[in-house]
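The values are calculated or read from the model by the stated rules, or taken from the named source; none is laboratory data. All values derive from a computational prediction rather than experimental measurement. Here Cβ is always computed from backbone atoms with ideal geometry, including for glycine, and neighbour counts include all displayed protein chains. Remember, those area values only see protein heavy atoms, side chains included, never the ligands or the DNA or RNA. Shrake-Rupley method; radii C 1.70, N 1.55, O 1.52, S 1.80 Å.
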Amino acid sequence: MEKKWWHNKIAYQIYPKSFCDSNGDGIGDLPGIISKLDYLKDLGVDILWISPVYVSPLADQGYDIADYQQIDPRFGTMEDMDRLIKEAKARGLHLLMDLVVNHCSDEHIWFKKACEDPEGKYGAYFYLKKKSPDGSLPTNWRSYFGGPAWDRLGDTDWYYFHAFHKKQPDLNWENPELREEIYKMMNWWLDKGLDGFRVDAIINIKKPLPFRNYPADRADGLCDLGSVMDRAQGIGEFLREMRDRTFAPHDSFSVGEVFNIKDSQLNDFMGPDGYFSSIFDFSQMEMGKSIKGWYDCKEPRPEDYKNCCFKSQKKAERIGFFSNIIENHDEPRGVSYYLPEYARSEKGKKLLAAMYFMLRGIPFIYQGQELGMENIAFESMKEVDDVSTIEEYRVAREAGLSEEESLRAVNLLSRDNTRTPFQWNDGPEAGFTTGKPWLRVNPNYRRINAADQEQRGGSVLSFYKELIRLRKEERLEEAAVYGKTEPVLTEERDIMAYFRRGQGCDLLVIGNFRSEPAKVALEELKKRQVKLLLTNGETFSHEGGQITLEPLQAVILECV
Ligand code: GLC
Ligand code: CA
């Protein structure tokens, strides 16, 4: 495999609105990020992805962009952005922005012009259709955030398509003129010094044509958009063109947010000549989901988690690098989701960290994950901001769940869980702002915060630093970065164990998700010299190929 500059990197996602507020308005901003670059450098990460900071009405927290080439004043100015690029570079950090081009905002000038003249140049930037002769909407597709995916275009008799919120009209990628505009904008950013993009919702840019109805799957008479998009053919033409016109000439890093990918498409998406450098592996998050809604989702158990990771590792083995995550701004906190209740301690959090971090791929850390930040238990829907949580609550109520049950269901999966402010210290508002934060701080900030963990050996934060250091050791690179993942002890319930095969030097990663000690035996170890590189436990013992693990212990071993 040809080596690329991003293969041995660790990435970190910043959700600007909730990271650090520099001016007391309760909203995190670019100067706030700049003030924390040394913290990030010290953590040891290499690539920073910042979620959208472009001009936006924030109907979907910036994923609704009204101007791709301006910074929203709430986040700062273009000078701040230039300074961020410069300051990041000075520290050897690579910067990615979020590329949201499946849709823009209904406040974008293109959309406003389309409203004025649906049949003109800008009307063709969107998917506009008229109602069917029988008076029904152009299709019966349900938007991802609920309700029909069509809304009336201004006061015309046209309707526009939106896969997400009604303030996020989809852009018409079939139109070459639109595609040119997008590439121009991307290159403008890349020329400014960005190192690449995280590419939002990209699987949706190709619609199954012609637009038509599909069988309804809920009482609302609508059908799920994910299954609709599954039928689309030919997305490769757009993505190949985008790569050749933007990423490739800049040797930039691109990571796609791609759901529902078929195994047969994996090579095209992230193989050696893939459309993207990498794509996120969302399979662990997808496994418990239900088409009925969040209320019907199943919580994963450690066995499910392990099997799912191994399946993905196998798929990617001969193809390329997945980007591995346990959480992001659209998901609950990984430690609150994947760990059984008895394991939600610092020890358990480190266990989960070690298990996903050492997999083959590019590890991404979402802000606060390195502290073991947890879900927030919302006491009422009044505290919730996220559009999709509000919709899922409605769906749960409609399905007959009580208010309390519905709240519990959305609490587990709410996107606001990861959007609560970063917990910097145990002072007012966790040191995030001197004002009133836009979203409530998790009340556990006195117990979980960066200031405490920075000076406390054995903290989750220091464990993440160790993991990062280990992955970067040159001696271990063939195993830790490029090594094949070989699951072992797969029959041992709640034990997750795998080799990363290097050249003569292998890593062995073993985690015990049980609440009791475990004894496991690996014949191979009898013939190898074994050295402990890292553990979250008190002791480590092995003898004659037998390893004894404490409850929730993870060990990373070097075998020569
Ligand atoms: C992606 C983003 C999510 C957003 C959606 C629409 O899934 O990660 O936050 O709501 O796209 O842009
Ligand atoms: Ca601010």
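Would you pick out the residues in the stretch 242-262 that are surrounded by fewer than 16 Cβ atoms within 10 Å (Cβ to Cβ) and modelled with pLDDT of 95 or more?
Initially, the stretch 242-262 is screened for residues surrounded by fewer than 16 Cβ atoms within 10 Å (Cβ to Cβ), giving 244, 248-249, 251, 260, 262.
Of everything in the stretch 242-262, those that are surrounded by fewer than 16 Cβ atoms within 10 Å (Cβ to Cβ) and modelled with pLDDT of 95 or more turn out to be D244, A248, P249, D251.
Would it be correct to say that Q529 is in contact with an Asp or Glu (Cβ under 6 Å, 6 or more places away or on another chain) and either assigned by TED's automatic domain parsing to the domain that holds Y342 or of a type outside the set (A, V, I, L, M) (or both)? Reasoning before the result, please.
Details: in contact with an Asp or Glu (Cβ under 6 Å, 6 or more places away or on another chain): no; either assigned by TED's automatic domain parsing to the domain that holds Y342 or of a type outside the set (A, V, I, L, M) (or both): yes.
So Q529 does not fit the description; no.
Hey, E341 hits all of (1) within 16 Å of ligand 1 (Cβ to nearest atom); (2) open to solvent by 30 Å² or more (accessible area, probe 1.4 Å); (3) under 30 Å from E404 (Cα atoms) but one; which does it fall short on?
All conditions pass for E341, except number (1).
Please work out which residue is farthest from W5 (Cα to Cα), limiting yourself to the stretch 299-332 and to residues that are among the basic types (K, R), open to solvent by 10 Å² or more (accessible area, probe 1.4 Å) and part of a helix (DSSP H, G or I). Show your work before the answer.
First, the residues of the stretch 299-332 that are among the basic types (K, R): 301, 306, 311, 314-315, 318.
With the extra rule that they be open to solvent by 10 Å² or more (accessible area, probe 1.4 Å), the set shrinks to 301, 311, 314-315, 318.
The next check asks that each one be part of a helix (DSSP H, G or I); those that pass are 311, 314-315.
Working: K311: 26, K314: 23, K315: 22 Å.
Only one residue fits best here, namely K311.
Starting from the stretch 26-42, take each residue that is not assigned by TED's automatic domain parsing to the domain that holds A90 and list its partners that are open to solvent by less than 10 Å² (accessible area, probe 1.4 Å) and away from ligand 1 (no atom under 16 Å from the Cβ), counting only C-beta distances under 7 angstrom and pairs at least six apart or across chains.
The qualifying pairs do not exist here.
Consider the stretch 18-73. How many of its residues are within 16 Å of ligand 1 (Cβ to nearest atom) and of a type in the set (A, V, I, L, M, F, W, C)?
So the count comes out to 9.
For the subset of the stretch 159-192 comprising residues that are away from ligand 1 (no atom under 16 Å from the Cβ) and under 23 Å from the mean Cα position of the chain (by Cα), which member is nearest to W110 (Cα to Cα)?
Ranking the qualifying residues of the stretch 159-192, first place goes to M186.
Touching a Lys or Arg at 6+ places or on another chain (Cβ under 8 Å), open to solvent by 10 Å² or more (accessible area, probe 1.4 Å), assigned to a helix (DSSP H, G or I) and more than 17 Å from F321 (Cβ to Cβ): does that describe E237? Don't jump to the end; show me each part of the working.
Details: touching a Lys or Arg at 6+ places or on another chain (Cβ under 8 Å): no; open to solvent by 10 Å² or more (accessible area, probe 1.4 Å): yes; assigned to a helix (DSSP H, G or I): yes; more than 17 Å from F321 (Cβ to Cβ): yes.
No, not satisfied.
When the residues of the stretch 504-560 are filtered to those that are acidic (D, E) and under 33 Å from the mean Cα position of the chain (by Cα), which remaining residue is most open to solvent (accessible area, probe 1.4 Å)?
My answer is E538.
If only one of D60, D67 is in contact (Cβ under 8 Å) with a residue 12 or more places away in the chain, outside the structural domain of Y144 (by TED's automatic domain parsing), in contact with a Lys or Arg (Cβ under 9 Å, 6 or more places away or on another chain) and under 22 Å from I205 (Cβ atoms), which one is it? Full working, then the answer.
Numbers: D67 fails: in contact with a Lys or Arg (Cβ under 9 Å, 6 or more places away or on another chain).
Testing whether each residue is in contact (Cβ under 8 Å) with a residue 12 or more places away in the chain, outside the structural domain of Y144 (by TED's automatic domain parsing), in contact with a Lys or Arg (Cβ under 9 Å, 6 or more places away or on another chain) and under 22 Å from I205 (Cβ atoms) leaves just D60.
Output the number of the condition that V55 fails; it satisfies all remaining conditions of (1) open to solvent by 10 Å² or more (accessible area, probe 1.4 Å); (2) in contact (Cβ under 8 Å) with a residue 40 or more places away in the chain; (3) of a type in the set (A, V, I, L, M).
So V55 meets the others, but not (2).
Restricting attention to the stretch 426-443, report how many residues are open to solvent by 60 Å² or more (accessible area, probe 1.4 Å) and touching a helix residue (DSSP H, G or I) at 6+ places or on another chain (Cβ under 9 Å).
The initial filter retains those residues of the stretch 426-443 that are open to solvent by 60 Å² or more (accessible area, probe 1.4 Å), namely 426, 428-429, 434, 436, 440, 443.
So of that shortlist, the ones also touching a helix residue (DSSP H, G or I) at 6+ places or on another chain (Cβ under 9 Å) come out as 426, 429, 434, 436, 440.
Residues that pass the stated criteria total 5.
Quickly run through the stretch 465-506 and pick out the residues that are closer than 23 Å to K4 by Cα and among the β-branched types (V, I, T).
The answer is I468, V481, T485.
Pull up the stretch 451-466, narrow it to residues that are among the aliphatic types (A, V, I, L, M) and in contact with a Leu (Cβ under 9 Å, 6 or more places away or on another chain), then point me to the one that is nearest to A343 (Cα to Cα).
Within the stretch 451-466, the match that is nearest to A343 (Cα to Cα) is V460.
Are any residues in the stretch 408-425 in contact (Cβ under 8 Å) with a residue 12 or more places away in the chain and either open to solvent by 10 Å² or more (accessible area, probe 1.4 Å) or farther than 21 Å from A450 by Cβ (or both), and if so, which ones? Steps first, answer last, please.
Taking the stretch 408-425 and keeping what is in contact (Cβ under 8 Å) with a residue 12 or more places away in the chain, we get 409-425.
Passing the criteria: A409, V410, N411, L412, L413, S414, R415, W424, N425.
Would you please name the residue that is farthest from S51 (Cα to Cα), looking only at residues in the stretch 249-263 that are of a type outside the set (D, E, K, R) and in a helix (DSSP H, G or I)? Let's see the steps before the verdict.
The first filter runs over the stretch 249-263 and keeps only residues of a type outside the set (D, E, K, R), leaving 249-250, 252-256, 258-261.
From the residues that got through so far, the ones that are in a helix (DSSP H, G or I) too are 249-250.
Numbers: P249: 24, H250: 21 Å.
Residue satisfying both the conditions and the ranking: P249.
Can you go through E107, E87, E79, E119 and tell me which one is open to solvent by 40 Å² or more (accessible area, probe 1.4 Å) and within 16 Å of ligand 1 (Cβ to nearest atom)? Walk me through it before giving the result.
Working: E87 fails: within 16 Å of ligand 1 (Cβ to nearest atom); E79 fails: within 16 Å of ligand 1 (Cβ to nearest atom); E119 fails: within 16 Å of ligand 1 (Cβ to nearest atom).
Only one candidate qualifies: E107.
Which residues, taken from the stretch 374-401, are of a type outside the set (S, T, Y) and not in a loop (DSSP other than H, G, I, E, B)? Spell out the reasoning first.
Let us first name the residues in the stretch 374-401 that are of a type outside the set (S, T, Y), namely 374-379, 381-387, 390-392, 394-401.
Answer for the stretch 374-401, where residues must be of a type outside the set (S, T, Y) and not in a loop (DSSP other than H, G, I, E, B): M381, K382, E383, V387, I390, E391, E392, R394, V395, A396, R397, E398.
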